[in-house]
Every structure is written in C-alpha cells, then in structure tokens.
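Shown next, in structure tokens, is the structure this report addresses.
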Amino acid sequence: TGDADQSTLQQIRDKMINSYGYEPGGFGNVTEKLDGEKLLFKLNWHINNNHSLMVRHQYTKGESFSPSTSNSGNIYFENSGVYFPSTTNASALELKSRFSDNWSNNLKIGYTKVVDDRGPMGENFPGIYIEDGNGDIHLGSEVYSSGNKLEQSILTVTDNLQLYSGKHTFTFGTHNEFYSIYNMFMRRAFGYYEFDSVEDFMNEDASFYRIGYSLVDDIRGDGSAAAADFGAFQLGFYVQDEYQVNRNLKLTAGLRADIFFMNDDPLARPGFNETTIPALEEYYDLKGAQAGKMPSGNIMWSPRVGFNWDVNGDKTTQLRGGIGIFTSRIPFVWPAGSYTNNGMMIGDYKKYIDISFNPDWKTQEVGSKDSPSGSQIDLYTKDFKYPQVLRGNIAIDQKLPGGIVGTLEAIYTKTINNVLWKDVNVKPAFGTATGTGDDRPLYITYNNGIDPDYGQIMLGDNTNKGYSYNITANLSKEFNWGLSVNLAYTFGRSKSIFDGTSSQNSSQWNYLVSSPVPRNEAEVGYSNFDLGSRIVGTLVYSKEWLNHLKTTVSLFYNGQSGRRFSYIYNDYNGNFTNEAYGGPQLIYVPKDQNDIILVGDNVDQQWADLNAYIEQDDYLSTRRGKYAERNASRLPWTNIIDMKIMQDVWVNVADRRQTLQVGFDIFNLGNLLNKDWGQMFYASNSNISLIKFEGKLDDGTTPTFSYTKPKPNEFEPWYLDDTGLQSSRWQAQFTLRYIF
C-alpha cells in the first residue's frame, strides 16, 4: 500500500520486536479462528393431564480470534485485531396449565448471564497509525479493545392467560425484563499515536497522541472502577382478542403498553448543569437534557390489528394483513454511555506537539484527574422515547394452475421515534468553502467547542424521519416424485438518518457521512440496510430407498444488489471542514476541470483520469455540479449458490427410529467451480475515498485536491470480501448427527 513494500513493513516489524519487545504479528495472510463449547440440559415433566413443566439450561462459551485483514488501501499487522471471549449461561422454566375448558395459562421465567471480555490480540501496547502515501498502516493494540468488558444479568418473567369464549380467544399477558449491567469501556487505554510517515515512525516522531484514563483510580482498562454499573427494567402489559368471525375470517386486535425504567442516575460533573448547559442552550435546543438525569417511566403504547381471510372457503385464495405500532428495546450500551461519559469517570487526553513516543502502556502520559480533561459527555433529552415504528402489511396467497402456489406481499414501515444524536459542543460554522462549486460550511478548529473543557457533548434525541418498504413475489411447487422448487423476488427500499451500527454514541455521529449542510441538520438518506433487488431460489430433491435410507440434495441461490456506499473525500483528519471530530465528507462532483483545484504532479492527467471515472459511473455522471448523496451508490451485484447433501440411515429399535445423518455442505459453490465466480464486495465503513483533500490555499477557504486512479482496477475501487462464512471464497463442512 502506498510507499510501503515488503522490506519497509519488515523494518517496522523488526523495530517493534527489537526496540520495544512487542510482537505485532505478520502483515500477510491471516487466519480467523472461532472455538466454541455448548452444553444443553432439558427436562420435560408431565405433571398431570392439566399441568406440564419444562426446565432448560444452556451453557455456551466462545473464543473468537479476529486478526485484522489488509486491503489495497490499508496494511494491518495481525495483532491489531481483536480477541473476543464470551460466556453465556441461560436458564429457563416454563409451566403450562389448563384450569378448565375455557382457561389456560403459560408462565415463563428465564435468567441469562453473559460475560464478554473483549481484548487486544497481542500483548498490551499502544495503538499505532502510520500514514503512508496512498494508504495507511495499523499496528499495536486495537484501540477500542484495550479496556472493554461487559457483564449482563437479565431476568425475564412472562405470563399469558388465555380465555376461550365462543368465537373469541382473549389473551391477557405481561412481559417483564430486569437488567443488571456492568460495562467497562475505556478507549485507547494503552495510548494511541499517529505518525505522518514511516520515516517519522522509525524516528519516533509522532504527530498526534491520545489516551483514555480513569478519573477515579489508577487502573488502566479492565478492572478500573471507571465503568458503567447500573440497573434497568422494562414492564410490558398487553391484551389481545382473536375473533373467529366465521369459518373463513379471523380478526385480531390488541393493545400493548411498555414502560422503561432506569434504576440509577449517572454522576454529573459539578457545575455542568449550572454553567455548561446554559452555554449550550445559546446554540441548541437541549429539550430539558441535564447531566445526571436519564429518561425513565415513559409509557409506550402499541395498538395493532390484523386479519386472515380465506376468500372462497377452500384455501385457494387467502388474504391477510395488519397494521400496528411496534416498540423496540434500545441497546443498553447506548444509555450506558451516560454512566461513563460524564466527566467524572473517564478522562480523554490529547497532545499535538512535542510528543515523545512511549511504548510502555503503564507509564503513558495522562491528563489531570481534577478536571474534565476533554471528557466526552452523553446526555438525553428529558422526554426521550425508545424506538417505535408504524408497520403495515398486506399479502395474498393464491393456488395457481399446475399445483403452483403464489404469494404477493407488501410491507411498509414508518419511523415514529428513532434515536437521533447530535454533538452540541460545536460552534456554528464561520463561513463556507470558496473557489469552486463546493461551498460547504467551514469551522474554525477541532477544539473550538462551546465549552472547551469538554470534548464531544452527545445529545440523544428522537426523530420521526425515515421509512422502509418491501415487496415480495413468491412461487413454489412440490412434485409428487420428491422435488420441491421455490423462487422469490423482493425489492426493498429503506431510508434513515442513523442506522445504529455502532456501540458508541459518538461514533453514530462521527461516522455519519456528512451532507453539505451542518450535520446538526442531518438529512434522511439511503440506509446501509437498503436491500434493492434480491432473487432467492431453492431446489430440493429427496428420495427414500431400501426402506432404511434417504438422500436429500439441495441447491440454494441468492442473487442481490450490492451493498450501498458513499463517495467521500480522502481526508482522514477532517482538515477540509475542521468540523469537530470531522467525519466523512461527501464529495462535490465537478462540472469540469475549472470546478476543482487539483495540485501535484501532472494536473491535466489527474483530471483526465478523474473525469473518466465520473463518466463511466452511472450515478456520478448524473451529479455534475452537485454533491454526491449519502449511500446513493451500490457495489456490484452478487450471485451465490450453496449446496447441501444429506444422507440418512435408520433402523427401528423398540418401535423407535434411530437415525444417523451425514451431511456435506459447500458454501459458494460457484467459486469452487471458477475462481472469478461467487464474488462479494465491500467498501470500508460503506465509503469509498475517491478524491484526496490536500489542503487549502492561503485564503484558508479554497480547497485543493489530488486524484490517483484506484488500484488494482481504476474503475472498481472496492474490496473483495473474502473473510467469514459468507464470503467470496468457497468453503465446505461435514456434519454428523444422531437422531433418536
């Protein structure tokens, strides 16, 4: 990547080993590894004709070794990856009771204990980033794994009481969840250094240093008292009526209420509510947000209705549908941020000049424990609501000639309450970019916050912007000689502001691809989960023979639109706009060579190459003189075929069938047959850095850029997805199963 060849990378590795005694791992091919253990115990007790009890316990332990993988733009040394052990103990009890012909009850009690102890792959060491020409080099500890441990205890109690009364079946129920959560998350606990070149790294001349540290003790990372430690619970109550109007028509109506409570309030920095909150409110409507306060006790109502109609009474035409409001839990890692990011638990220290590289993580330079130290603050509006959507669907199932069954279904979802984050410690822009058609807002400096004692101040709010819909057509047929066929086409569209893809509130904001308006006015764009078109087909042939054997051969096809991505500037530090914690910036698509200021070698050739790329791109060629839109482009279409072969052998012992089942799976069969088939693609963080920002002219507002043709294909700047089970590489597995 860039200027780094094999010998340069080896020099870096040698320095890490010889000078610092740290093994960074290799920089070539790596192997992902997942070890797992599972143990299941289940007891069913038929107490009597009216009562039965089920008791179950499951133990699951997994260890994931995920070394970082390199691509054409980044070199990752192996130990910059993540080691992730996880242990889960889940117990459940279910009591089914029938009190009379009209009354029955189902009680479920569950308890789950989860311990996730994410850590770095290698020994504790600072994280290192080296800028290298057209690419980047990463080594040392993964910065978000240096202090990362999560313990969760969850008690659930569900009870459903059913009354059968004529044509009505009434359900009266409650579902309750009680949480106890310990979440240690200390970013960059071993320090983080940036170097502007390989030479600077070899000379230990860093350009930027940052570290997270405890404000309450001297422990770095796991084991520190600077962790979120809180309780929460959700109470749910519902009633439902299933009304069998006649033999052909069933109606369902219900109402659910959910109430969320936080057992504990986070700490608040003394003086924050009296001084900082009024300063922020001069620029932003905080909607009653206060440090040390969490939203709690809001009632979320969820009414819903549905129907199922056998139109002719012979199941040849069936119409079904419904509409309702659905309330979601919120991942508790998001509100947990308020219990650590409050200026009282974790400090955040940065340094830009006179940086001395220190490889000893135990003696890293930190800030004062007596000040906020640039700490991030996480707040929530007073009336913050948990996610809710309005969802409706309508479908028809139709028996067609030739024994074919057809289904047509449409689903529409509208956001009622989604989570919206803002960094409210940002002063308004001082002006706009000049010199070209790109006139996006510009900011004074990263650290020019409204209250410079703090870093980002993240406000959790709600938005009703966003929607999605899906339309599916499906045909299926079963032949009487053992073959079944299914073919389905789905088109989906999804638009949102935030997709909730990060566990950090600040990252939801920082990695939001910015439109040319300030991100505090974030706009709806295509969701990362926008489906596009998808075709799914299955062929299954099954044959029994010799009275003791059964062979099943299955083929599964999945073809779908590529993932969505955005065209952004290559501007790692956000120097173009200087917006606080500058995130990705959507490119401006120049009308002609006069609409972009290119610098460096052979400017005319740079423009010719850039212009050729824009012209061949179906989307960018329509955006001349405009900004690219978030997630408006797609990666190439993918075609994946999987195959499964199963052979059953059985005998009857004491009137019970004893079956030995042998299976053989090939995932991505096409790639097994041809190395160029079955390819899947990805863009890092769903972005492609097309044009590099090089700096501004002396006026401080006119941006300059450079363009280098992407490698290895100048018109395909994405990466081949060749890791994991679903990837561009064929994989196979054998399975053995005993069924009795």
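Any residue that is within 24 Å of Asn602 (Cα to Cα), part of a strand (DSSP E or B) and of a type outside the set (Gly, Ala, Ser) - is there at least one of those in the range 666-675? No; the residues of the range 666-675 include none that is within 24 Å of Asn602 (Cα to Cα), part of a strand (DSSP E or B) and of a type outside the set (Gly, Ala, Ser). Given the residues Ser100, Ser145, Ser180, which is the only one that is closer than 30 Å to Ser502 by Cβ and without any contact (Cβ under 8 Å) to a residue 60 or more places away in the chain? Just a single option satisfies the conditions, and that option is Ser180. For the range 537-594, filtered to residues that are aliphatic (A, V, I, L, M) and without any contact (Cβ under 8 Å) to a residue 60 or more places away in the chain, the residue that is least open to solvent (accessible area, probe 1.4 Å) is Val589.
Once the range 23-55 is narrowed to residues that are of a type in the set (Gly, Ala, Ser) and within 30 Å of Asn74 (Cβ to Cβ), the residue that is most open to solvent (accessible area, probe 1.4 Å) is Gly36. Of everything in the range 633-650 that is of a type in the set (A, V, I, L, M, F, W, C) and open to solvent by less than 20 Å² (accessible area, probe 1.4 Å), the residue that is farthest from the chain's Cα centre (by Cα) is Trp650. Just one residue in the set Pro428, Pro452 is more than 30 Å from Asp397 (Cα to Cα), without any contact (Cβ under 8 Å) to a residue 60 or more places away in the chain, of a type outside the set (Val, Ile, Thr) and part of a loop (DSSP other than H, G, I, E, B); that residue is Pro452. List every residue pair whose Cβ atoms lie under 6 Å apart, where the two residues are 6 or more positions apart in sequence or sit on different chains, the first residue falls within the range 653-673 and is over 18 Å from Thr735 (Cβ atoms), and the second residue, located anywhere, is assigned to a strand (DSSP E or B) and open to solvent by less than 40 Å² (accessible area, probe 1.4 Å). Qualifying pairs under 6 Å: Arg657/Trp650.
Considering the range 236-351, the qualifying strands (runs of 3 or more DSSP E), each wholly inside and each with 2 or more residues that are closer than 26 Å to Asn464 by Cα, open to solvent by 50 Å² or more (accessible area, probe 1.4 Å) and of a type outside the set (Ser, Thr, Tyr), run over 249-262, 299-310, 317-327. One residue stands out in the range 356-406 among those that are part of a strand (DSSP E or B) and among the hydroxyl-bearing types (Ser, Thr, Tyr): the one that is modelled with the lowest pLDDT, namely Ser356.
For Lys696, the requirement of being in contact with a Pro (Cβ under 9 Å, 6 or more places away or on another chain) and buried (at least 16 other Cβ atoms within 10 Å of the Cβ) is met. Scanning the range 369-420 for residues that are farther than 30 Å from Glu478 by Cβ and small (Gly, Ala, Ser), we see that the one that is surrounded by the most Cβ atoms within 10 Å (Cβ to Cβ) is Ser375.
Of all the residues in the range 351-374, those that are of a type in the set (Val, Ile, Thr), farther than 17 Å from Gly221 by Cα and in contact (Cβ under 8 Å) with a residue 60 or more places away in the chain number 1. Here the range 511-527 is the region considered, the condition is being open to solvent by 60 Å² or more (accessible area, probe 1.4 Å) and either touching a helix residue (DSSP H, G or I) at 6+ places or on another chain (Cβ under 8 Å) or over 18 Å from Thr501 (Cβ atoms) (or both), and the residue that is modelled with the highest pLDDT is Tyr511.
Flag not set for Gly288, criterion: touching a strand residue (DSSP E or B) at 6+ places or on another chain (Cβ under 8 Å) and not aromatic (Phe, Trp, Tyr).
Checked against the criterion of being farther than 27 Å from Ser506 by Cα, surrounded by fewer than 22 Cβ atoms within 10 Å (Cβ to Cβ) and at pLDDT below 95, the candidates Glu123, Glu94, Glu131 yield just one match: Glu123.
The values are calculated or read from the model by the stated rules, or taken from the named source; none is laboratory data. It should be emphasised that the depicted structure is a prediction, and the values quoted were computed from it without experimental measurement. Here Cβ is always computed from backbone atoms with ideal geometry, including for glycine, and neighbour counts include all displayed protein chains. Quick note on the areas: whole protein, heavy atoms, side chains included, nothing else; ligands and nucleic acids left out. Shrake-Rupley method; radii C 1.70, N 1.55, O 1.52, S 1.80 Å.
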